[in-house]
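Chemist: Have a look at this one.
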Amino acid sequence: MSRYWLLAIGGGAASVLIYSLTVSGSFGGLVLAYFAALPLYLVGLGLGLTAGAAAGATATIGMLLPGGFMAALVFFFVTALPTIVLVRQSLLSRNDPQGNVAWYPAGLMVVTLSVFGAGIYTLAALWLATQPGGFEGTTQAFVENLASSMTAPGAAEHRENIVNTLTPIVPGFVAASWFVMTVINAALAQGLLVRFQRNIRPSPDIVSMEFPNWFPIAAAAAALVGLLLPGALGFYGTNLAIILIVPFFFMGLAVVHALCRQKSAGPFLLIAFYGMLIVFGWLVVIVATLGLIEQWIGLRRRFT
């Protein structure tokens, strides 16, 4: 067997090994499991789409052993398939009128991932709607079980407040965390490949990120559905809006990077900014709002 296929199969096996650490139940294992897609991205972005697809297939089949059919199915849709889709889009290129290679832009990659996430969310919502409690009822039962395990037995009122607060937004925030970790895994893989000169395409420049004009309209429509419609449709629209708004967080990061590049202390400012972002999580909302403003006003053009 050639080195090419050995690396592809090895990447899939490494992904299964990392993902299987979740069964240990330890905090470290759960955190490390977020990087199960990293070996798949290393194979796909370093060897190409065929190798990436082979690694994803290997990992999906390998998940049958520790987790069974349902775990393998979830892994395929949550980890393997989005990796294959994003690798395919990342490696698309064409020649511009000057004969230079133009790679698939960062903004369209983010939008592709967001639309993919919205599609998976919609399929999950339709499936859960057929369950006895419906989509919202199933979500509420999940949050109630989670709140019961995190609060004292006698804190019924506190537990009820947690359930009422989290139930309307849990599906959207779960999808948003998946979105962010997918981007982090892809960026880490590309960074490692560039470091060791094994990358196929150059790293996309976040400052050049642009979204198509229809995308903010789609996000606004989902938000209106969540605000105006009652019941299951409103619940679905609210969480869909969260998924479609996440890309504007990355647009906000593009604005911050563009601003810092105009300063001599730009690298230091970026380090300080990301440090504050980690410490003060609520800054994510401000950055996403900055991204929404950028889409309509074009703050980066004003900075330059």
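Chemist: Okay, helix-only estimate at 222 nm for the chain: each DSSP H run of n ≥ 4 adds -39500 (n - 2.57), divide by all residues, round to 500 deg cm²/dmol; what do you get?
Modeler: -24500 deg cm²/dmol
Chemist: Using the Karplus equation 6.51 cos²θ - 1.76 cosθ + 1.60 (θ = phi - 60°), what ³J(HN,Hα) coupling, rounded to whole Hz, does each residue of the stretch 80-91 give in order, writing x for Gly and Pro?
Modeler: Along the stretch 80-91, the couplings run 5, 5, x, 5, 4, 4, 5, 5, 4, 5, 4, 8 Hz.
Chemist: Sorted from largest to smallest, which semi-axis lengths in Å does the alpha carbon gyration tensor of the stretch 37-185 give for its equivalent ellipsoid, taking the root of 5 times each eigenvalue? Mind dumping the intermediate values first?
Modeler: On the way: eigenvalues 273, 70, 36 Å².
Result for the stretch 37-185: semi-axes of 37, 19, 13 Å.
Chemist: Explain nothing, just the number: dipole magnitude of the chain about its Cα centre with +1 on each Lys and Arg Cβ and -1 on each Asp and Glu Cβ, in debye rounded to the nearest 20.
Modeler: 1000
Chemist: Sort 235-248, 174-187, 54-67 by the packing proxy (mean of other Cβ within 10 Å over each peptide's residues), most packed first.
Modeler: On the way: 235-248: 24.1, 174-187: 18.8, 54-67: 20.9.
Highest to lowest by the protection proxy: 235-248, 54-67, 174-187.
Chemist: Sticking with this structure for a sec: From the backbone phi of the stretch 195-203, what are the Karplus-calculated ³J(HN,Hα) couplings (6.51 cos²θ - 1.76 cosθ + 1.60, θ = phi - 60°) in whole Hz, Gly and Pro given as x?
Modeler: Values per residue, Gly and Pro as x: 4, 9, 6, 10, 7, 7, 10, x, 5 Hz.
Chemist: Could you tell me the center-to-center distance, by alpha carbons, between the stretch 164-211 and the stretch 281-304 in angstrom?
Modeler: One Cα centre to the other: 18 Å.
Chemist: Quick one: Karplus J couplings for the stretch 164-174, per residue in order, coefficients 6.51, -1.76, 1.60, θ = phi - 60°, nearest Hz, x for Gly and Pro?
Modeler: Once rounded to whole Hz, the list reads 5, 7, 8, 3, x, 10, 4, x, x, 6, 5.
Chemist: Rounded to two decimals, what ratio of Rg to Rh does the chain give with C-alpha atoms and a Kirkwood Rh?
Modeler: Checking Rg against Rh, the ratio lands at 0.98.
Chemist: Note down the net charge around Phe250, summing +1 for each Lys or Arg and -1 for each Asp or Glu among other residues with Cβ under 13 Å from its Cβ.
Modeler: So the surrounding residues net to -3.
None of the figures in this text is laboratory data; all of them are computed from the coordinates on show. Since the model is a prediction, treat every value here as computed from it, not as a measurement. Don't worry about glycine lacking a Cβ; one is built from the backbone with ideal geometry, like all the others, and counts go over all protein chains shown.
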